[in-house]
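Q: Pasting a structure below so you can have a look.
The values are calculated or read from the model by the stated rules, or taken from the named source; none is laboratory data. Quick caveat, the model's predicted, so the values are computed rather than measured. Neighbour counts are summed over all protein chains in view; Cβ atoms, including those assigned to glycine, are modelled from backbone coordinates with ideal geometry. We work out accessible area using only protein heavy atoms, side chains counted, and drop any ligands, DNA or RNA first. Shrake-Rupley method; radii C 1.70, N 1.55, O 1.52, S 1.80 Å.
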Amino acid sequence: MSGYLAMTRTEFRLFRREPFSVVFVLAFPLMMMMLLAAVFGNNQADAHKIQNGLLVWRGVTPADYYAAASAAVIVAAIGLMTLPITLAGYRERGILRRFKASSVPPRALIAGQLTLALATSLAGTLVMAVVARLAYHTTLPKDALGVAVALLVGAVAFGAIGLLLATVIRTSRSAQGIGLLLFFSLWLVSGTAPPRAVLPTGLRDVGGALPLAHLVTAVQNPWLGFGWSGADLAALAAYAVVAGVPALWLFHGE
Amino acid sequence: MSVITVDHLRKTYRRLVAVDDVSFDVEPGEIFGILGPNGAGKTTTVECVQGLRRPDGGTIRVLGLDPTTQAAQLRQRIGSQLQDSALPGRLRVAEAVELFAAFARRPVDRDELLARWHLEEQRSKAFDSLSGGQRQRLFIALAFVNSPELVFLDELTQGLDPQARRETWDLIREIRHGGTTVVLVTHFMDEAEHLCDRVAVVDGGRLVALDSPQGLIDGLELPSVVRFSTAEPDLAWLEKLEEVESMTRRRDAVEIRGAGPVLALVASELVAHGIVPRDLRVDRPTVEDAFLALTGRAIRR
Ligand SMILES: Nc1ncnc2c1ncn2[C@@H]1O[C@H](COP(=O)(O)OP(=O)(O)OP(=O)(O)O)[C@@H](O)[C@H]1O
Ligand SMILES: [Mg+2]
């Protein structure tokens with residue numbers, strides 16, 4: 001326990017001192033939210049717009065839609081970029097070996113990273129909600145607990161995916177490239193950039209199965225007052241297990 | 001009972017045999033040196049012993065534990081300074097010590113540790129901004145953070161200035177007097193000679209000699225070199241001495257190689273012939289000479 005606390009404190013310190021990671025992980029989703037909300041507006045008239053037989057904005061205004069969806073993007077950015085880049089860098093520089101040789105177990109490092117991911121996600125979401133509110137008069141989360149639970153499950157799922165990436169990608173440079181590619185691919189097809197209703201059918205179906213789309217719905221539903229989305233939370237949990245078990249096993253075996 | 005027992009250790013990387021049939025024991029409270037040229041397999045050996053690499057053959061016992069299956073238990077009781085490792089760049093010195101101490105079952109006093117390794121002034125400096133020698137001192141300090149019974153120091157004084165090296169040697173001796181066993185990997189002959197009770201010489205993955213530094217030298221019966229200068233033209237009578245192996249001369253400077261008490265014999269013979277050189281001296285064989293004789297090559301400097 002004291003080890004876990006010490007590691008978590010360390011990871012928070014390092015995160016604070018590494019401005020780039022903060023900028024990208026928080027500023028990018030925030031900027032995109034601002035941009036998309038500005039483009040599509042906050043008009044009730046758009047709420048029931050239908051395209052391809054689907055509600056484009058899920059029955060809310062575009063600004064409301066993006067405020068909630070962009071909170072999910074923060075989690076994905078941490079899981080797909082911050083985590084694998086950090087851990088691959090630790091391996092590359094011999095930091096993992098240094099830790100291992102001094103009885104710092106991998107699970108303490110992973111737990112510290114996950115705690116950091118969750119705290120950053122929660123703080124980023126808060127900022128997102130407040131900024132969207134001030135700039136576009138969007139609704140604040142109606143069910144804050146529901147949003148927090150979705151972020152927790154999302155952080156675990158994306159944490160597991162990030163850990164798996166960190167075990168298969170050997171260098172922090174390739175982690176940057178691959179992480180960025182995965183992040184933008186997901187971002188484009190998960191309803192976080194164009195709404196999923198406007199995507200061609202095939203892309204929509206593929207995107208819908210990917211973890212970010214599940215996280216978007218899992219965050220949007222309680223935020224917008226649609227209740228918790230058990231199915232999406234379950235899908236995220238499944239991702240957490242499928243990616244997390246081999247990742248932990250591989251990470252421990254190193 | 002031995003602290004470390006290594007029996008027929010073997011480790012290969014694909015087709016390269018890095019460690020080949022190496023066996024040795026380390027006794028409690030000794031400073032045990034591992035000496036060898038670059039790529040000899042020193043790091044591989046000590047990292048197998050610490051359970052950081054998995055051997056392909058042989059058995060290892062450390063403090064009664066098997067490092068391949070009981071690594072976690074073992075690491076609580078050993079300290080380790082690795083040859084290649086790092087810390088997160090923005091982690092500060094005192095924070096690193098604090099972090100590592102949090103995982104130690106018997107942590108030492110952190111301030112005392114920083115003071116002992118002269119890191120107080122650097123305590124709030126980030127790892128990335130430390131000089132090479134400061135990093136090295138931090139790694140050595142971290143090796144002692146868990147009050148280990150046994151420490152592994154791979155390239156102990158790499159990057160340290162001469163004064164820091166001497167101080168480090170003194171501290172290592174002090175730590176040994178406290179009962180800690182020390183395994184020291186080194187490139188430096190003087191380090192092996194001054195610090196180690198016994199030295200294992202490794203070359204090409206094989207153990208080529210294992211003895212005390214003096215034992216290594218004596219065992220090889222390496223010649224001493226006696227030097228002096230004289231204007232006396234004919235010294236042929238010196239070469240007749242049984243202990244003298246060879247004599248070379250450049251103008252007045254004479255160099256005699258020989259075994260055993262060659263200095264005393266040469267000296268008395270010179271005096272008997274009325275020659276009393278002011279600069280008579282002898283160079284006794286060193287660990288370096290023994291090393292060269294054993295491995296047939298010079299070591300990295
Ligand atoms: N992880 C590895 N993968 C492949 N080969 C390796 C690995 N580690 C070491 N080797 C090889 O094994 C041999 C022994 O390496 P080792 O690091 O044990 O030598 P060393 O005696 O510590 O050398 P140095 O004095 O340079 O530190 C070398 O030929 C090296 O290239
Ligand atoms: Mg080495």
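Q: What residue, among those in the stretch A:173-222 that are open to solvent by less than 20 Å² (accessible area, probe 1.4 Å) and part of a loop (DSSP other than H, G, I, E, B), is farthest from A:ILE74 (Cα to Cα)?
A: Going through the qualifying residues, I end up with A:LEU199.
Q: Which of the numbered conditions does B:THR12 fail, given that it passes all the others? Conditions: (1) assigned to a loop (DSSP other than H, G, I, E, B); (2) touching a residue at least 40 places away in the same chain (Cβ under 8 Å); (3) open to solvent by 10 Å² or more (accessible area, probe 1.4 Å).
A: Only one criterion in (1) assigned to a loop (DSSP other than H, G, I, E, B); (2) touching a residue at least 40 places away in the same chain (Cβ under 8 Å); (3) open to solvent by 10 Å² or more (accessible area, probe 1.4 Å) is unmet by B:THR12, namely (1).
Q: If you take the residues of the stretch B:91-123 that are more than 8 Å from chain A (Cβ to nearest Cβ), outside any helix (DSSP H, G or I) and open to solvent by less than 30 Å² (accessible area, probe 1.4 Å), which of them is farthest from B:GLY178 (Cα to Cα)?
A: Taking the candidates together, the pick is B:GLN122.
Q: Within the stretch B:20-36, take every residue that is open to solvent by less than 10 Å² (accessible area, probe 1.4 Å) and either among the acidic types (Asp, Glu) or more than 7 Å from ligand 1 (Cβ to nearest atom) (or both) and give me the one that is nearest to B:HIS177 (Cα to Cα).
A: First, the residues of the stretch B:20-36 that are open to solvent by less than 10 Å² (accessible area, probe 1.4 Å): B:22, B:26, B:31-36.
Of the ones still in play, those that are also either among the acidic types (Asp, Glu) or more than 7 Å from ligand 1 (Cβ to nearest atom) (or both) are B:22, B:26, B:31-35.
Details: B:VAL22: 28, B:VAL26: 16, B:ILE31: 10, B:PHE32: 14, B:GLY33: 17, B:ILE34: 20, B:LEU35: 23 Å.
Per the stated criteria, the residue is B:ILE31.
Q: Tell me which residues, restricted to the stretch B:69-84, are within 13 Å of ligand 1 (Cβ to nearest atom) and free of Cβ contacts under 8 Å to residues at least 60 places away in the same chain.
A: The answer is B:ASP84, and nothing else.
Q: Under 7 Å by Cβ, and 6 or more places apart or on different chains, what pairs join a residue from the stretch A:9-35 that is farther than 20 Å from A:GLN113 by Cβ with one that is of a type in the set (Val, Ile, Thr) and open to solvent by 50 Å² or more (accessible area, probe 1.4 Å)?
A: The qualifying pairs are A:LEU30/A:VAL127.
Q: So, one more: Restricting to the stretch B:68-83, name every residue that is under 23 Å from the mean Cα position of the chain (by Cα) and either under 20 Å from A:GLY253 (Cβ atoms) or open to solvent by less than 30 Å² (accessible area, probe 1.4 Å) (or both). Explain how you work it out, then say what you get.
A: Initially, the stretch B:68-83 is screened for residues under 23 Å from the mean Cα position of the chain (by Cα), giving B:75, B:77-83.
B:ARG75, B:ILE78, B:GLY79, B:SER80, B:GLN81, B:LEU82, listed by residue number.
Per-residue answers, yes or no, for (1) assigned to a loop (DSSP other than H, G, I, E, B); (2) away from every other protein chain (no Cβ under 14 Å); (3) open to solvent by 20 Å² or more (accessible area, probe 1.4 Å):
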{"residue": "A:LEU30", "(1), (2), (3)": "no, yes, yes"}
{"residue": "A:MET33", "(1), (2), (3)": "no, yes, no"}
{"residue": "A:PRO84", "(1), (2), (3)": "no, yes, no"}
{"residue": "A:LEU87", "(1), (2), (3)": "no, no, no"}
{"residue": "A:ARG97", "(1), (2), (3)": "no, no, yes"}
{"residue": "A:LYS100", "(1), (2), (3)": "no, no, yes"}
{"residue": "A:SER103", "(1), (2), (3)": "yes, no, yes"}
{"residue": "A:THR120", "(1), (2), (3)": "no, yes, no"}
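Q: Tell me, which strands (runs of 3 or more DSSP E) lie completely within the stretch B:166-259 with 2 or more residues that are aliphatic (A, V, I, L, M) and more than 15 Å from the chain's Cα centre (by Cα)? Let's see the steps before the verdict.
A: Working: elements: B:181-186, B:198-203, B:206-211, B:224-229, B:244-250, B:253-258.
Strands (runs of 3 or more DSSP E) meeting the threshold: B:224-229, B:244-250, B:253-258.
Q: Can you tell me which residues in the stretch B:165-203 are within 16 Å of ligand 1 (Cβ to nearest atom) and more than 22 Å from B:SER2 (Cβ to Cβ)?
A: Matches in the stretch B:165-203: B:HIS187, B:PHE188, B:MET189, B:GLU191, B:ASP203.
Q: Between residues in the stretch B:205-234 that are of a type in the set (Val, Ile, Thr) and residues that are open to solvent by less than 40 Å² (accessible area, probe 1.4 Å) and assigned to a loop (DSSP other than H, G, I, E, B), which pairs lie under 6 Å by C-beta distance while being six or more apart or on different chains?
A: Short answer, once both residue conditions are applied: B:ILE217/B:PRO285; B:THR230/B:ILE275; B:THR230/B:PRO277.
Q: Answer yes or no as to whether A:LYS49 is of a type in the set (Lys, Arg), open to solvent by 40 Å² or more (accessible area, probe 1.4 Å), modelled with pLDDT of 90 or more and more than 30 Å from A:GLY244 (Cβ to Cβ).
A: In short, yes.
Q: Can I ask one more? Against the condition assigned to a loop (DSSP other than H, G, I, E, B), at pLDDT 95 or above and more than 29 Å from A:ARG9 (Cβ to Cβ), how does B:PRO37 come out, does it pass?
A: When the stated conditions are applied, B:PRO37 does not pass them.
Q: With the requirement that a residue be outside any loop (DSSP other than H, G, I, E, B) and either away from chain A (no Cβ under 14 Å) or within 15 Å of ligand 1 (Cβ to nearest atom) (or both), what does the stretch B:48-68 give you?
A: Start the filter on the stretch B:48-68 by keeping residues that are outside any loop (DSSP other than H, G, I, E, B), which leaves B:48-49, B:57-62, B:65.
Of everything in the stretch B:48-68, those that are outside any loop (DSSP other than H, G, I, E, B) and either away from chain A (no Cβ under 14 Å) or within 15 Å of ligand 1 (Cβ to nearest atom) (or both) turn out to be B:CYS48, B:VAL49, B:GLY57, B:GLY58, B:THR59, B:ILE60, B:ARG61.
Q: Among the numbered conditions (1) more than 16 Å from ligand 1 (Cβ to nearest atom); (2) at pLDDT 90 or above; (3) surrounded by fewer than 21 Cβ atoms within 10 Å (Cβ to Cβ); (4) at negative phi, tell me where B:ARG206 comes up short.
A: B:ARG206 satisfies all of (1) more than 16 Å from ligand 1 (Cβ to nearest atom); (2) at pLDDT 90 or above; (3) surrounded by fewer than 21 Cβ atoms within 10 Å (Cβ to Cβ); (4) at negative phi except (1).
Q: Determine whether the stretch A:130-142 contains at least one residue that is farther than 26 Å from A:PRO19 by Cα, open to solvent by 10 Å² or more (accessible area, probe 1.4 Å), within 14 Å of another protein chain (Cβ to nearest Cβ) and part of a helix (DSSP H, G or I).
A: No, there is no match, as no residue in the stretch A:130-142 is farther than 26 Å from A:PRO19 by Cα, open to solvent by 10 Å² or more (accessible area, probe 1.4 Å), within 14 Å of another protein chain (Cβ to nearest Cβ) and part of a helix (DSSP H, G or I).
Q: What do you reckon, is B:PRO88 assigned by TED's automatic domain parsing to the domain that holds B:ASP111, outside any helix (DSSP H, G or I) and away from ligand 2 (no atom under 16 Å from the Cβ)? Spell out the reasoning first.
A: Working: assigned by TED's automatic domain parsing to the domain that holds B:ASP111: yes; outside any helix (DSSP H, G or I): yes; away from ligand 2 (no atom under 16 Å from the Cβ): yes.
Yes.
Q: Next question. Does A:VAL149 satisfy the condition of being open to solvent by 30 Å² or more (accessible area, probe 1.4 Å) and in contact with a Phe, Trp or Tyr (Cβ under 8 Å, 6 or more places away or on another chain)? It would help to see each step written out before you state the result.
A: On the way: open to solvent by 30 Å² or more (accessible area, probe 1.4 Å): yes; in contact with a Phe, Trp or Tyr (Cβ under 8 Å, 6 or more places away or on another chain): yes.
Yes: the conditions hold for A:VAL149.
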